[in-house]
Amino acid sequence: MSGLIIVGAGGHSKVVYDAAREMGLWDRYLFVDGGLAQDSFLGWPLVKSLNDSNVVREDYKDLVVAIGSNQVRHKLLMQYAEQGFNLPVIKHPTAYISRGAVVQPGTVVLAQAAVNYSAQIGLGCIVNTSASIDHDCQLGCGVHLSPGVRLAGGVKIGNFSWVGIGSSVIQHVAIGENVIIGAQTAVIRDIEDNVTVVGVPGRIIKRHG
Ligand SMILES: CC(=O)SCCNC(=O)CCNC(=O)[C@H](O)C(C)(C)COP(=O)(O)OP(=O)(O)OC[C@H]1O[C@@H](n2cnc3c(N)ncnc32)[C@H](O)[C@@H]1OP(=O)(O)O
């Protein structure tokens, strides 16, 4: 066995670590977070950078970025892939991923989540606790589905969009890139890029960048 590097040492890192540990594929963990003064996290070593002299690179082939910011997570994953790290899919044992679904590297699928047949999920997504993605959905890169999100069949979501906790999206709706969907929103129509949408039914309240 070898080890898993977890980049980020915050709340999301805890659930990613928990899911990874339940997979039983790694015998050691190393956390990387430049913003913390301590030298351990959850009982495992914590370093500020992988250039730290204490890191034996050969001990760690696999790496996951456990950072909530969609853009930052994606950027770091690309950098670490260039450095030769494997970017495994982290799947909690209680999550379901259909054999007919395609999930790209660096994505995490947390406890009780479901990914149904013919769904496609891009690089570095977060499918958070109990989120469900139904048949034929397509998620771009760096998408985050918060806990309890429900996507009906054939939903499309663009790169770096974030769907807030408990939201639902009806079938065949297309959500653009860099969209924020607020908590408990009901999305019933297509949504353009770079907007924030809240409410039942969902309405645009902000346009960004
Ligand atoms: C494991 C985890 O923790 S994963 C993280 C899960 N967290 C989430 O899902 C959080 C989702 N975030 C939200 O819902 C936020 O409220 C956001 C991102 C939609 C909006 O945040 P901001 O851009 O800061 O907007 P702001 O708070 O200024 O609200 C703007 C207006 O929208 C309203 N509003 C904000 N969110 C919602 C919502 N979810 N539903 C309905 N109305 C909302 C506010 O009441 C406010 O209305 P007002 O102008 O009449 O007072």
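The values are calculated or read from the model by the stated rules, or taken from the named source; none is laboratory data. Just so we're clear, the structure is a prediction, and the values are computed from it rather than from any experiment. Note that we place each Cβ from the backbone using ideal geometry, even for glycine, and neighbour counts take in every protein chain shown. For the accessible areas, the whole protein counts, side chains as well, though only heavy atoms, and no ligand, DNA or RNA atoms are used. Shrake-Rupley method; radii C 1.70, N 1.55, O 1.52, S 1.80 Å.
Brief remarks follow.
- Inside region 158-189, residues that are part of a strand (DSSP E or B) and buried (at least 18 other Cβ atoms within 10 Å of the Cβ) make up a count of 8.
- Check on Arg28, part of a strand (DSSP E or B), at negative phi and among the basic types (Lys, Arg): yes
- The set of residues in region 10-46 being over 21 Å from Pro93 (Cα atoms) and within 16 Å of the ligand (Cβ to nearest atom) consists of Gly10 alone.
- Residues of region 103-112 that are touching a Leu at 6+ places or on another chain (Cβ under 8 Å) and either closer than 17 Å to Ser130 by Cβ or open to solvent by 70 Å² or more (accessible area, probe 1.4 Å) (or both): Gln104, Thr107.
- Residues that are among the aromatic types (Phe, Trp, Tyr), outside any loop (DSSP other than H, G, I, E, B), more than 17 Å from Cys137 (Cα to Cα) and open to solvent by less than 40 Å² (accessible area, probe 1.4 Å) do not occur anywhere in region 83-102.
- Of note, Val155 satisfies the criterion of being open to solvent by less than 20 Å² (accessible area, probe 1.4 Å), more than 8 Å from the ligand (Cβ to nearest atom), of a type in the set (A, V, I, L, M, F, W, C) and in contact with a His (Cβ under 8 Å, 6 or more places away or on another chain).
- Residue in region 135-150 that is nearest to Gly166 (Cα to Cα), counting only those that are away from the ligand (no atom under 13 Å from the Cβ) and either outside the structural domain of Val169 (by the TED database) or part of a strand (DSSP E or B) (or both): Arg150
- Being assigned by the TED database to the domain that holds Ser13 and within 16 Å of the ligand (Cβ to nearest atom) is a condition met by at least one residue of region 73-89.
- Residue tally, condition within 16 Å of the ligand (Cβ to nearest atom) and either farther than 25 Å from Val7 by Cα or open to solvent by 30 Å² or more (accessible area, probe 1.4 Å) (or both), over region 118-132: 3
- Test for Asp59: is it at pLDDT 95 or above and over 16 Å from the mean Cα position of the chain (by Cα): no
- Region 158-179, residues that are within 13 Å of the ligand (Cβ to nearest atom), farther than 14 Å from Ile126 by Cβ and either at pLDDT below 95 or of a type in the set (A, V, I, L, M, F, W, C) (or both): Val179
- Residue within region 47-64 that is assigned to a loop (DSSP other than H, G, I, E, B), crowded, with 16+ Cβ neighbours inside 10 Å and of a type in the set (Gly, Ala, Ser) present: no
- Among residues of region 65-81, those that are open to solvent by less than 40 Å² (accessible area, probe 1.4 Å) and free of Cβ contacts under 8 Å to residues at least 60 places away in the same chain, counted: 2
- Checking the stated criteria, Thr196 turns out to be within 16 Å of the ligand (Cβ to nearest atom), outside any loop (DSSP other than H, G, I, E, B) and at pLDDT 95 or above.
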